[in-house]
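For reference, the structure discussed in these notes is given below.
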Amino acid sequence: MPRLAPWMTCLFGLLLLAATPARAQEMPPWGTGESQGGDLNIYLVTFGPGDDVASWFGHGSLVVEDLRLKQSRLYNYGMFSFDSTMLARYAMGRLEFWVDDASPGGTFRFYRSLNRDVRLQELNLTPAQKVEMGRLLAVNVLPENRNYLYHHYNDNCVTRLRDAIDKVVGGQFHQAMSGPGRMTLRDHTRRYSDVGPAMGLLLDFLMNDEIDQPVSRWQEAFLPDELERQAAELQVVGEDGQKRPLVAKTLNIYSAQDRPVTPAEPPRYAPVLLVLGLLLGGGAAGLGLWFRRSGARAPRILLGLQNLLVGLVAGIPGLALFIMWLFTDHTVTYRNENLFLANPLTVLAVPLGIQLMRGSPRALERLRRLWRVLAALGVLGLVLKVLPMFDQDNWRLIALLLPLSMGLEGACTLARARTPAARPAEPLNPSLKASGS
């Protein structure tokens, strides 16, 4: 499954605490065989979304509790290290995560201090299944087993919980959730990032059609809320052949105050982006017409400033997208159709915009050629949508960026058409005529 851009790793990665140094792992009683299945409780924990990008998608953990021995541990698969190689691995899409254990009470207090939901589901497992789950987690957290290569949609801190539950119930979870999902992975990503529209649009720009394909409900459980919902629905067949709910009871430890609810559907803002693209493109054309008619300094500076800003806002993500395709393991960025709309060429608008603001006579012609190429690429990307292979869900980006490119090309064409009026020839001085005769 794809690995995303460095800032996209934050989407599902920075989910609990800063990294902790490696420590000697003390085997809990459920790992040594000392715990009895009848004394154990297993809880699926769901933490609600937080304020920063890293926590928009929530988090999850598993808790093992031994009532007889009065011991409990929370297992968190969302840990990673801020060491000297972290940034390089982060940029290349090769960041390792690991599972660690902690005090449930301390972790719950931490999330409460962040005003994030804390909900528990006690799993209705047999004594043998509880022992198996406890041993699995205790072995997973050992230094030689705890690390894994983080994948955002199919191997993250929540899918690891899903897989552990499925293992102890004999694959019944996977089988029950093999039907079609409610929406694509992009739609899920967009609805959770709706809390920050600008960042959500950036993430939408960076990801290709890998996340536009139909998925199963099992794949949708990369999200904590989805896993919680599916666990609540699941009926498992016991050794006696009778069905029973997977969740015995639900405990609401803390409910966040005054926090927006994640929408059930992704936002529908393509019309808004189309209007914005038309306004920005039309505004650019208006500046070009103003400069053509007046030759004033103000429209030239404003048009140069707009080119500068577009080069920064669209060009830098386009350049990053191109680099990630060629040089990293972020496969979700490969062959991204948004490169028709913004790419490394777009960055050239930055220096050329500065030159235009400073009055360079050549900058306008160079910008005209640049935007003509970019507008043509955008139109090409739109036309190619008729082919099945160009199926990326990027209509929102087309609605915003294609009118903008066309407007900037029109602006530069209009502005370049201005030619200073030829000064009329002055009559010869009569005295000069006389002296010449």
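Nothing charged except the Cβ atoms of Lys and Arg (+1) and of Asp and Glu (-1): what's the magnitude of the dipole of the chain about its Cα centre? Round to the nearest 20 debye. Write down the numbers at each step before the final one.
Details: 45 positive and 40 negative charges, 533 e Å.
Roughly 2560 debye, rounded to the nearest 20.
So what are the ³J(HN,Hα) numbers for the stretch 132-143, from phi and the Karplus equation (6.51, -1.76, 1.60; θ = phi - 60°), rounded to whole Hz, Gly and Pro as x?
For the stretch 132-143, the Karplus curve yields 4, 5, x, 5, 4, 5, 5, 6, 4, 7, 5, x Hz.
Amide H neighbours of Gly78 under 5 Å, at least 5 residues apart or on other chains, H built in the peptide plane: list them.
Long-range HN contacts for Gly78: Asp100.
Over the chain, average the accessible area per residue using a 1.4 Å probe and give it in Å², no decimals.
Details: 20350 Å² over 437 residues.
Computed with neighbouring chains in place, this is 47 Å² per residue.
Need one word for the stretch 280-335: rounded, prolate or oblate. Basis is the Cα gyration tensor (sqrt eigenvalues a ≥ b ≥ c); a/c below 1.5 gives rounded, then a/b vs b/c decides.
It comes out prolate by the Cα gyration axes.
For Val236, what residues show an amide H to amide H distance below 5 Å, using hydrogens built from the backbone and excluding near sequence neighbours?
Hits under the 5 Å cutoff: Arg244, Leu246.
If each Cα of the chain is one equal point scatterer, what is log10 of I(q)/I(0) from the Debye formula at q = 0.06, 0.07, 0.10, 0.13 Å⁻¹?
-0.36, -0.46, -0.79, -1.10
What are the residues whose amide H is under 5 Å from the amide H of Ser216, where those residues sit 5 or more places off or on another chain and H is modelled from the backbone?
Gly181
For Gln242 paired with Ala198, estimate the spin-label separation in nm (one decimal), with each label point 7 Å from Cα along the Cα-to-Cβ line.
Here the answer is 5.9 nm between the modelled labels.
Which of the three applies to the stretch 175-224, rounded, prolate or oblate, going by the alpha-carbon gyration tensor with a ≥ b ≥ c and a/c under 1.5 meaning rounded?
On the way: a/c = 3.40, a/b = 1.92, b/c = 1.77.
In terms of gyration-tensor shape, prolate.
Work out the FRET efficiency for Arg68 and Leu387 from their Cβ-Cβ distance, taking R0 = 51 Å, and round it to the nearest 0.05.
After rounding, the FRET efficiency stands at 0.20.
How high is the relative contact order of the stretch 277-361, in percent, with contacts defined as C-alpha pairs under 8 Å that are six or more residues apart?
About 37 percent, as a whole number.
For the stretch 307-394, just say rounded, prolate or oblate: build the C-alpha gyration tensor, square-root its eigenvalues into a ≥ b ≥ c, call rounded for a/c under 1.5, and beyond that prolate if a/b exceeds b/c, oblate if not.
Oblate, since a/c reaches 1.5 and b/c is not below a/b.
Could you work out what % of the accessible surface of the stretch 108-169 is carbon and sulfur, using a 1.4 angstrom probe and leaving DNA, RNA and ligands out of the count? Working shown, then result.
Values: 1140 of 2330 Å².
Whole-percent figure for carbon plus sulfur exposure: 49.
At 7 Å along Cα-to-Cβ for each site, give me the label-to-label distance between Glu365 and Leu279 in nm.
Taking the two extended label points, one gets 3.6 nm.
Could you work out how far apart the two model spin labels at Glu96 and Val379 are, taking each label as a point 7 Å from the Cα in the direction of the beta carbon, and quote it in nm?
So the label points at Glu96 and Val379 sit 5.2 nm apart.
Whole-Hz ³J(HN,Hα) for each residue in the stretch 101-116, computed from phi via Karplus 6.51 cos²θ - 1.76 cosθ + 1.60 with θ = phi - 60°, x for glycine and proline: what do you get?
So the Karplus estimates, Gly and Pro as x, are 10, 8, 6, x, x, x, 5, 4, 5, 4, 5, 5, 5, 8, 6, 10 Hz.
So what is the relative contact order for the stretch 188-302, in percent, with contacts set as C-alpha pairs under 8 Å and at least six apart?
26 percent
May I ask you to order 171-182, 347-358 by the average number of other C-beta atoms within 10 Å around their residues, highest value first?
The packing order, highest mean first, is 347-358, 171-182.
Percent relative contact order of the chain, based on C-alpha pairs within less than 8 angstrom and at least six residues apart?
On the way: 776 pairs, mean separation 73.2, N = 437.
It rounds to 17 percent for the chain.
With θ set to phi - 60°, apply the Karplus curve 6.51 cos²θ - 1.76 cosθ + 1.60 along the stretch 189-197 and write out the HN-Hα couplings as whole Hz, x wherever there is a Gly or Pro.
My calculation for the stretch 189-197 gives 4, 5, 6, 6, 8, 5, 5, x, x Hz in order.
Please find the FRET efficiency linking Ile354 to Glu34, where r is the Cβ-Cβ separation and R0 is fixed at 60 Å, and quote it to the nearest 0.05. Could the numbers behind the result be given before it?
Working: r = 70 Å, r/R0 = 1.17.
Calculated value: 0.30.
Taking only DSSP H segments of four or more residues, each worth -39500 (n - 2.57), what value at 222 nm results for the chain once the sum is divided by all its residues, to the nearest 500 deg cm²/dmol?
Values: 18 runs with 200 residues, N = 437.
Mean residue ellipticity, 222 nm, calculated: -14000 deg cm²/dmol.
The values are calculated or read from the model by the stated rules, or taken from the named source; none is laboratory data. No experiment lies behind these values; they were computed from the predicted model shown. Virtual Cβ from ideal backbone geometry, glycine too; neighbours counted across all protein chains shown. The protein model used for the area step is the full one, side chains on, heavy atoms only, and it has no ligands, DNA or RNA in it. Shrake-Rupley method; radii C 1.70, N 1.55, O 1.52, S 1.80 Å.
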